[in-house]
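Note sheet for the following structure.
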């Protein structure tokens, strides 16, 4: 993930790096932030925030990957 982020930031193969980052975010987000399975409201909220943050990052990477 770090290498992909650096590649996007430096503009080195940004489409490929963005696609790789999206593919790595999907399982990480699903496995790591299952807020719907958490009972404690504070922990649930923290997981929901991080889940939505990762969804937003995936959207931003999708925009980069789709650019000309």
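Laboratory data are not the source of any read-out in this text; all were calculated from the coordinates shown. This one's a predicted model, so the numbers in the text were calculated from it and none came from an experiment. Glycine gets a Cβ as well: all are built from the backbone with ideal geometry, and neighbour counts include every protein chain shown.
Between the helical axis of 14-32 and the longest alpha-carbon principal axis of the chain there is an angle of about 10 degrees.
The calculated FRET efficiency for residue 24 paired with residue 50, based on their beta-carbon distance and R0 = 22 Å, is about 0.90. For the chain, dividing the convex hull volume of the Cα atoms by the residue count gives 72 Å³ per residue.
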